[in-house]
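Written out below as structure tokens is the structure these notes cover.
Derivation of every value follows stated rules applied to the coordinates shown; laboratory data play no part. As the structure is a prediction and not an experimental result, all values here were calculated from the model. Every residue, glycine among them, receives a Cβ derived from its backbone with ideal geometry; neighbour counts consider all protein chains shown.
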Amino acid sequence: MRLKTGQSAPLFSLTDIYDREIDLSSYKNKNKKILISFFRNVACPFCNFRVHQLTKKNEKWKDKLEMIFFLESKKDVILRSIFHQEVSPIPIISDENKVMYQKYGIEKSAFKMFGTFISSKNRTTFNTAKKMGLDIDSGEKPVLTIPADFLLDENLNIIEAYYGSNTADNLPFERIEEAIFGKK
């Protein structure tokens with residue numbers, strides 16, 4: 001079941017791949033927004049490209065936004081990926097059993113997955129990710145998970161629940177910046 005704007009975000013207290021305790025309730029009242037992003041596995045070039053983009057934006061956003069990433073890959077698979085090691089200090093949580101994916105209503109869809117390549121923008125993103133070396137061969141099977149982003153306020157209420165329309169669709173950066181810096 002999809003989450004909606006205004007709802008309280010489902011809480012969690014989990015260990016990230018760097019063995020740090022990530023307790024969502026500890027982010028409350030820190031005068032920062034929180035972006036929780038759910039991705040497919042480390043073999044997904046679209047997801048890796050998005051992680052790369054968000055990591056680059058972290059320097060600009062870090063005073064106003066905390067980010068937490070979920071991947072459905074096993075911890076050891078994520079840690080083998082040199083690319084994902086460079087994401088720290090942003091927490092990456094391995095959720096191979098998809099417990100939090102279920103709590104946040106993350107969807108699986110063969111139709112949406114195959115619809116990814118209809119867009120020329122998505123084909124360009126895919127080719128860019130491949131050129132950057134972000135198409136990692138993790139040995140994992142293809143999955144039907146569709147990414148989603150949840151932007152939370154300082155009280156852990158959902159400002160925006162964004163469920164992707166395909167495997168390359170994420171909450172636009174402009175909407176994130178509007179939430180953290182205000183409308184321009």
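Using packing as a proxy for protection, rank 22-35, 146-159 so that the peptide with the highest average count of other Cβ atoms within 10 Å comes first.
Result, highest mean Cβ count within 10 Å first: 146-159, 22-35.
Under 19 Å Cα-Cα from Lys64, which aspartates and glutamates qualify once same-chain neighbours fewer than 8 residues away are excluded?
Lys64 reaches Asp23, Asp149, Asp153, Glu154, Glu160, Glu174, Glu177, Glu178.
What are the aspartates and glutamates whose alpha-carbon lies under 17 Å from the alpha-carbon of Lys75, with same-chain residues fewer than 8 places away excluded?
Partners found: Asp16, Asp19, Glu21, Glu86, Asp95, Glu96, Asp137, Glu140.
Among the listed pairs Lys4/Lys56; Lys4/Lys74; Lys28/Lys183; Lys57/Lys98; Lys28/Lys57, which have their C-alpha atoms separated by more than 25 angstrom in this model?
Check vs 25 Å cut-off fails for Lys4/Lys56; Lys4/Lys74; Lys57/Lys98.
If you add up the charges near Ser13, with Lys and Arg at +1 and Asp and Glu at -1, over every other residue whose beta carbon is less than 10 angstrom from its beta carbon, what do you get?
Net charge in that neighbourhood comes out at -2.
Where does the charge balance sit around Lys30 when Lys and Arg score +1, Asp and Glu -1, over other residues with C-beta under 15 Å from its C-beta? Show your work: numbers first, answer last.
Details: positive: Lys28, Lys32, Lys33, Lys62, Lys64; negative: Asp23, Asp63, Glu66, Asp153, Glu154.
Residues near Lys30 contribute 0 overall.
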